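Got a structure for you, written out below as structure tokens; questions coming shortly.
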Amino acid sequence: MSAAILAATSMQEPLVADPIKPMRSFDLRVSAVQRLSEHFRRITLVGDDLALFGSNAAGETLDLRVKVMIPSPGHALPELNNIRGSLQDDWYRNWLALDEAVRGVMRTYTVRALRPEVPASGGKPAVPAELDIDFVLHLDAGSGPAAEWAAAAQPGDSLTLVGPCARWGDCVGIEFAPGESQRVLLVGDETAVPAIAAILETLPPHVSGHAVLEVPLADDFLDITTPANVEVRWLARGGNPHGEVMSAQVRSLVVPAACAVGEEPEEVDIDSAILWETPATATGHGLYAWIAGEAATIRELRRYLVRDVGMDRNAVAFMGYWRKGQALS
Ligand SMILES: Cc1cc2nc3c(=O)[nH]c(=O)nc-3n(C[C@H](O)[C@H](O)[C@H](O)COP(=O)(O)OP(=O)(O)OC[C@H]3O[C@@H](n4cnc5c(N)ncnc54)[C@H](O)[C@@H]3O)c2cc1C
């Protein structure tokens, strides 16, 4: 019997030769919508498919990214049952080939939390597995279909995600990899808040450092708990240009040594390519930095930390999560 059939049998699903791939689709429905602040909305999703949703070996999701498929207004999502595999596989080419007006859009989001099913016990009913996504409502600053979907979402609405398949083993889509580092610097704008919050919740007490979070307003400062010795600094952007206060904070926390000699990082054209530079696992025991947000700010911080501070590029992850003026899938 093939590995695929064995795995299907163990999950008590029909005996079909379903190819196991690192990623697959999850057909879910909204079970709750929660206003966290002026710009953050938490959408909780449930569905039988969640039994197959992947996480790392410790059951954590950290900065795990998923693709969210948003239907076009007035159209149901096209039949894409059985999405198997990443954007390199056929389903993605087939989806791209559909009429733009009906295929909907795909956007990237972070799993803020994944809670496994709690079985019924002691007369209490079972609680289904749940997955939270925290959407930034950027409706006042160049709106987009994902933000608009989240703003209007109601319990009962459907949402399809493409994410890691638990049957595969390795969880695809996690970048946070501090290795043996005991000191961290986590930096991000509002789009990176869900990832940084999820990472902070998992860090052990002996890890120290800083988390710098730039959000539109003081109302967007959220409660984040961490067992680690990490100081969380919330910064309200107010009327300042995007990324400016976050960047200034990083420059005050990480100062170049008098004799620092760094290399000039390769130029990345952030209008035609995604700025994404992540070491597989940090080497060494020094500072590990994880930095995500609008691409121009990330590019500027990359230049500062690599060239001016001389940070080891194996100890820092730079991720352009979005680009001002562009829609990124
Ligand atoms: C790995 C990864 C994880 C991410 N995780 C999250 C997450 O958990 N929560 C989250 O909210 N976002 C997250 N993002 C960012 C999200 O994918 C983008 O903000 C996305 O563009 C939103 O899609 P949209 O349809 O609302 O807007 P789009 O159609 O993509 O864009 C429309 C316009 O809005 C602008 N825009 C997009 N995002 C913002 C913003 N935040 N503020 C101001 N203007 C914006 C664009 O530049 C464009 O001009 C993540 C991105 C990546 C790559």
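The values are calculated or read from the model by the stated rules, or taken from the named source; none is laboratory data. If you're wondering where the values come from, they're calculated on a predicted model, not measured in any experiment. Glycine also receives a Cβ, built like all others from the backbone with ideal geometry; neighbour counts cover every protein chain displayed. Each accessible area value is taken on the protein alone, full model and side chains, heavy atoms only, with ligands, DNA and RNA left out. Shrake-Rupley method; radii C 1.70, N 1.55, O 1.52, S 1.80 Å.
Results for (1) open to solvent by less than 40 Å² (accessible area, probe 1.4 Å); (2) farther than 21 Å from Q326 by Cβ; (3) modelled with pLDDT of 95 or more; (4) out of contact with any strand residue (DSSP E or B) (no Cβ under 8 Å at 6 or more places or on another chain), shown as yes or no for each residue.
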site	(1), (2), (3), (4)
R42	no, yes, yes, no
V46	yes, yes, yes, no
S55	yes, yes, yes, no
T61	yes, yes, yes, no
E100	no, no, no, yes
G123	no, yes, no, yes
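Now a separate question. Tell me yes or no: at least one residue of segment 20-40 is at pLDDT below 95 and more than 16 Å from L161 (Cβ to Cβ).
yes
Moving on to the next point. Residue by residue through segment 152-180, note down the ones that are part of a helix (DSSP H, G or I) and within 19 Å of the chain's Cα centre (by Cα). Spell out how you get there, then give the answer.
Step one: filter segment 152-180 for residues part of a helix (DSSP H, G or I), giving 152, 166-168.
If the condition is that a residue be part of a helix (DSSP H, G or I) and within 19 Å of the chain's Cα centre (by Cα), then A166 is the only one that fits.
Now for a separate question. Residue pairs, Cβ under 6 Å, 6 or more apart or interchain, first in segment 305-329 and closer than 28 Å to H285 by Cβ and more than 6 Å from the ligand (Cβ to nearest atom), second open to solvent by less than 10 Å² (accessible area, probe 1.4 Å) and among the charged types (D, E, K, R). List them.
Partner pairs satisfying both residue conditions: F318/R302.
Considering only residues of segment 114-150 that are more than 28 Å from W91 (Cβ to Cβ) and among the aliphatic types (A, V, I, L, M), which is farthest from the ligand (Cβ to nearest atom)?
A120
Among W276, W290, which is within 21 Å of the chain's Cα centre (by Cα), open to solvent by 40 Å² or more (accessible area, probe 1.4 Å) and aromatic (F, W, Y)?
Numbers: W290 fails: open to solvent by 40 Å² or more (accessible area, probe 1.4 Å).
Going through W276, W290 in turn, just one is within 21 Å of the chain's Cα centre (by Cα), open to solvent by 40 Å² or more (accessible area, probe 1.4 Å) and aromatic (F, W, Y): W276.
Within segment 298-322, which residues are under 19 Å from A192 (Cα atoms) and acidic (D, E)?
Listed by number, the list holds a single entry, E300.
Matching residues to (1) closer than 29 Å to G142 by Cα; (2) open to solvent by less than 80 Å² (accessible area, probe 1.4 Å):
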position: E38; (1), (2): yes, no
position: D49; (1), (2): no, yes
position: G85; (1), (2): no, yes
position: E117; (1), (2): no, no
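For segment 170-205: of the residues being closer than 18 Å to D89 by Cβ and open to solvent by less than 50 Å² (accessible area, probe 1.4 Å), which is farthest from the ligand (Cβ to nearest atom)?
For segment 170-205, the residue satisfying everything is C171.
While we're on this one: For segment 223-244, indicate whether the set of residues that are within 13 Å of the ligand (Cβ to nearest atom), β-branched (V, I, T) and open to solvent by 50 Å² or more (accessible area, probe 1.4 Å) is non-empty. Steps first, answer last, please.
Here is the first cut: in segment 223-244, the residues within 13 Å of the ligand (Cβ to nearest atom) are 237, 241-243.
Pick out the ones that are also β-branched (V, I, T) and you get none.
There is no residue in segment 223-244 that is within 13 Å of the ligand (Cβ to nearest atom), β-branched (V, I, T) and open to solvent by 50 Å² or more (accessible area, probe 1.4 Å).
Kindly indicate which of V261, V255 is in a loop (DSSP other than H, G, I, E, B), under 21 Å from L213 (Cβ atoms) and open to solvent by 50 Å² or more (accessible area, probe 1.4 Å). So that I can check it myself, show each step before the final result.
Numbers: V261 fails: under 21 Å from L213 (Cβ atoms).
It is V255.
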